């Protein structure tokens with residue numbers, strides 16, 4: 001398998017890698033320690049491995065790492081930490097949108113992609129935006145509320161409290 | 001007709017400070033920022049990667065298994081076959097519990113050496129330096145199989161000349177109920193309604209495939225970090241490997257969904273064998289396809305109800321037959337069948353009842369626990385049957401149920417007395433009322449409404465002598481630590497325990513920390529199954545915290561020279577009641593306790609009620625500690641041209657006894673409903689002659705964010721449960737009523753019933769055709 005060097009920027013940190021041509025972005029990210037990118041199916045069916053690639057939501061299992069050469073990847077950890085969470089992450093926790101949590105990083109990133117494009121989405125737009133991310137625990141109700149809550153907080157500007 | 005909610009009886013819940021509040025779950029933010037470690041995220045230095053070689057066919061004799069080419073591949077460290085571990089058996093039963101219903105000799109071999117009995121059965125294990133090498137080694141294993149006739153239908157499996165899956169016959173379990181005098185009861189009936197209902201295999205489809213890592217430590221203890229609902233499988237692993245139980249440690253992680261399937265052993269024994277053979281850490285993560293292929297499914301059932309009723313709607317007698325597909329190995333089938341049997345007649349008084357249940361072994365995927373544990377299958381049948389009775393009598397469905405609902409003090413089909421509140425009419429009327437005004441029929445939509453009531457146990461079978469332990473302590477700065485072996489499978493198990501301890505010790509939730517799911521250092525709490533953790537471990541934490549509280553009160557009483565009864569713990573302080581200025585910070589009190597030698601920690605053991613078991617001939621006796629009651633109602637639109645069903649409204653009402661965390665309870669209700677709606681309308685793990693036809697999430701469809709509206713959750717709190725603060729359980733019950741509610745709504749819309757799940761457009765069109773043929777009506 002031919003290996004050629006690539007440069008991958010993950011959550012602002014640069015990685016220079018030599019990779020097999022068939023290595024998926026999902027497996028490379030996990031190998032690098034970004035285990036918040038979850039492996040749920042490796043077929044693009046579940047959305048657990050979703051990341052932002054140059055700001056666009058992708059299933060990292062369907063992207064070859066080579067395709068990400070020179071591009072920027074953001075994972076859930078890149079949005080915030082336990083001490084300094086992103087308002088979307090806080091909203092998920094506050095709204096009861098997190099149960100087992102395995103789908104949550106992907107859901108958070110799908111929400112980020114949505115709210116970047118549509119700061120005040122309708123319920124239909126929220127459901128549509130999350131339709132590629134499966135959740136088996138919540139029934140989606142509280143996730144949709146979390147997206148709404150995050151949107152409100154972000155529009156209010158402080159990102160911490162609802163207006 | 002408008003349904004008014006039935007008024008609730010007068011009741012009073014004591015005011016609480018932490019319990020009952022919609023607090024942010026302690027595990028939520030860590031998961032949202034991606035900081036939570038799941039089993040597949042655990043890695044170790046010098047770690048090997050494992051793969052499992054599995055049978056490609058459902059029934060065959062192994063003629064030749066040659067792993068030499070795999071062993072010779074550079075980078076392959078170890079290949080194990082059944083011949084290397086001939087004694088390794090997987091006891092497919094509940095560890096750490098007394099009582100055993102499994103037939104001798106029915107344990108699964110860890111690795112099949114002679115016969116394979118289901119497609120996907122493990123045959124060999126590989127450990128290699130990289131995952132890629134392990135995958136390449138799989139392809140180098142040579143296997144010659146001599147096909148054996150299989151049996152792929154539980155009915156056929158019971159025929160005298162059927163191929164034997166194992167043992168003397170294919171009967172995995174039987175249960176019988178003989179209550180009252182069936183012939184007498186039937187003789188009092190004005191009408192007998194007989195119908196047969198069927199439900200399919202269903203896959204748990206949690207987002208996290210099974211995973212774990214194992215290593216042998218410097219004491220020779222096999223350590224396994226794994227996604228499991230049952231850390232007590234350290235006993236199962238020890239037995240399979242012939243090790244003392246104190247030489248296996250299972251440490252769980254946060255589990256990415258369980259729903260019953262991580263109740264069985266998954267990767268643990270494979271990992272232990274490979275770690276012992278290689279003396280290196282070994283990691284095994286299932287692919288999605290392997291997760292589907294290698295783990296349990298919900299049991300398919302065929303259930304026939306023959307119900308005698310009077311013209312005014314009273315049930316006089318019922319005869320119920322159940323046949324379940326156990327698949328290739330028993331796993332928890334005997335208990336699932338017992339649950340279905342014990343709940344077969346539903347939450348109704350039936351004085352004259354016969355139930356005959358049997359589970360048969362086949363060469364299909366094995367079946368075991370799945371949220372509800374036989375309850376959802378039973379409920380689909382008994383609640384469909386109640387509507388069929390109502391229709392046959394020309395009485396409305398609520399009236400028929402109202403006449404027959406169990407009440408507190410009544411007995412179930414097994415003669416077990418209902419001791420807690422049985423708010424059946426209260427929950428049903430609220431669920432129905434919550435649907436609001438009925439949507440009118442349209443040119444291409446026929447509107448239907450239906451509801452279903454249910455009862456579902458919480459807590460383990462009482463003759464298993466279930467126990468849980470928890471340790472609670474206060475640190476010298478007044479912060480609280482809980483140690484409890486509870487596996488958290490995402491339902492908020494650990495959070496509830498923290499809220500309970502916070503309540504008793506008078507601290508805010510964020511002053512608590514909990515350590516969980518480690519068989520070596522956290523007190524054993526039993527399984528996160530059977531809707532038992534809040535009830536069992538909640539009571540254990542409550543007891544332990546109360547002992548610690550008493551210590552703190554005694555110390556404060558001594559300091560102030562007042563009676564301990566006058567002291568309260570509140571917001572991190574000990575205070576004298578009525579004298580808010582007299583208060584001591586918990587930290588100071590903790591240091592005083594340290595100085596006087598008063599214990600500030602306690603290990604408590606909570607024992608469930610123990611019983612002797614049911615009479616094997618009559619099935620009479622107590623099976624469970626208590627029951628949760630509730631109902632769900634739905635409104636849907638059916639397109640008679642395409643058969644498509646559009647769910648319009650859904651509402652569920654459950655008496656949870658006491659909501660320890662209302663946000664978490666709502667999550668259980670809405671999420672459980674969603675799984676139940678999937679069961680009703682789309683989910684079927686299709687199997688053809690033992691081979692899965694829906695092997696990935698692209699074929700096996702589960703509900704997405706766009707499929708169904710949210711279920712409105714109406715939570716009642718009777719305070720009569722036997723969990724902490726009067727709590728009942730809601731994890732499993734939340735799923736149970738959804739499917740029969742949908743089936744009843746579809747029957748309401750079409751005027752014709754679909755008797756088998758899932759209710760697909762094809763079945764709707766076939767049902768409409770059937771009705772046209774029967775009535776000569778136009779579509």
message: Just to be sure before I move on: is residue B:355 touching a helix residue (DSSP H, G or I) at 6+ places or on another chain (Cβ under 7 Å), within 30 Å of residue B:107 (Cβ to Cβ) and surrounded by 24 or more Cβ atoms within 10 Å (Cβ to Cβ) in the structure I sent?
response: yes
- request: For the stretch B:691-730, name all the residues that are in contact with a helix residue (DSSP H, G or I) (Cβ under 6 Å, 6 or more places away or on another chain) and closer than 28 Å to residue B:385 by Cα.
  value: B:702, B:703, B:708, B:710, B:711, B:713, B:714, B:715, B:729, B:730
- line: Sole miss for residue A:157 among (1) surrounded by fewer than 21 Cβ atoms within 10 Å (Cβ to Cβ); (2) touching a helix residue (DSSP H, G or I) at 6+ places or on another chain (Cβ under 9 Å) is condition (2)
query: For residues in the stretch B:1-53 being assigned to a loop (DSSP other than H, G, I, E, B), in contact with a strand residue (DSSP E or B) (Cβ under 8 Å, 6 or more places away or on another chain) and within 14 Å of another protein chain (Cβ to nearest Cβ), which is surrounded by the fewest Cβ atoms within 10 Å (Cβ to Cβ)?
result: B:43
- prompt: When the stretch B:206-227 is examined, which residues are found to be in contact with a helix residue (DSSP H, G or I) (Cβ under 8 Å, 6 or more places away or on another chain) and within 13 Å of chain A (Cβ to nearest Cβ)?
  reply: B:208, B:209, B:210, B:211, B:213, B:227
query: What tally of residues in the stretch B:385-443 results from selecting those that are at positive phi and surrounded by 17 or more Cβ atoms within 10 Å (Cβ to Cβ)?
result: 1
message: For the stretch B:248-328, give me every one of the strands (runs of 3 or more DSSP E) that falls completely inside it and has 2 or more residues that are within 14 Å of chain A (Cβ to nearest Cβ), over 23 Å from the mean Cα position of the chain (by Cα) and crowded, with 24+ Cβ neighbours inside 10 Å.
response: B:282-285
message: Taking the condition of being part of a loop (DSSP other than H, G, I, E, B), in contact with a strand residue (DSSP E or B) (Cβ under 6 Å, 6 or more places away or on another chain) and more than 14 Å from chain A (Cβ to nearest Cβ), how many residues in the stretch B:703-736 meet it?
response: 6
- prompt: Does residue A:115 count as under 21 Å from residue A:58 (Cβ atoms) and touching a helix residue (DSSP H, G or I) at 6+ places or on another chain (Cβ under 7 Å)?
  reply: yes
- line: Among strands (runs of 3 or more DSSP E) entirely inside the stretch A:13-72, those with 2 or more residues being under 25 Å from residue A:117 (Cβ atoms), within 13 Å of chain B (Cβ to nearest Cβ) and touching a helix residue (DSSP H, G or I) at 6+ places or on another chain (Cβ under 6 Å) are A:50-53
statement: Exactly one of B:431, B:422 is in a loop (DSSP other than H, G, I, E, B) and assigned by TED's automatic domain parsing to the domain that holds residue B:734, and that one is B:422
- prompt: When both residues are 6+ apart or on different chains and their Cβ atoms are under 7 Å apart, which pairs have a first residue that lies in the stretch B:129-143 and is over 15 Å from residue B:285 (Cα atoms), and a second that is at pLDDT 95 or above and part of a loop (DSSP other than H, G, I, E, B)?
  reply: B:136/B:73; B:137/B:73; B:140/B:73; B:141/B:67
query: Is one or more of the residues making up the stretch A:84-95 in a loop (DSSP other than H, G, I, E, B), closer than 27 Å to residue B:259 by Cβ and assigned by TED's automatic domain parsing to the domain that holds residue A:131?
result: yes
query: Of everything in the stretch A:73-83 that's assigned to a helix (DSSP H, G or I) and touching a residue at least 60 places away in the same chain (Cβ under 8 Å), which residue is surrounded by the fewest Cβ atoms within 10 Å (Cβ to Cβ)?
result: A:77
- line: When restricted to B:671, B:676, B:621, B:667, the only residue away from chain A (no Cβ under 14 Å) and out of contact with any strand residue (DSSP E or B) (no Cβ under 6 Å at 6 or more places or on another chain) is B:621
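The values are calculated or read from the model by the stated rules, or taken from the named source; none is laboratory data. It should be emphasised that the depicted structure is a prediction, and the values quoted were computed from it without experimental measurement. Using ideal geometry, Cβ is built from the backbone for each residue, glycine included, and neighbour counts are taken over all protein chains shown.
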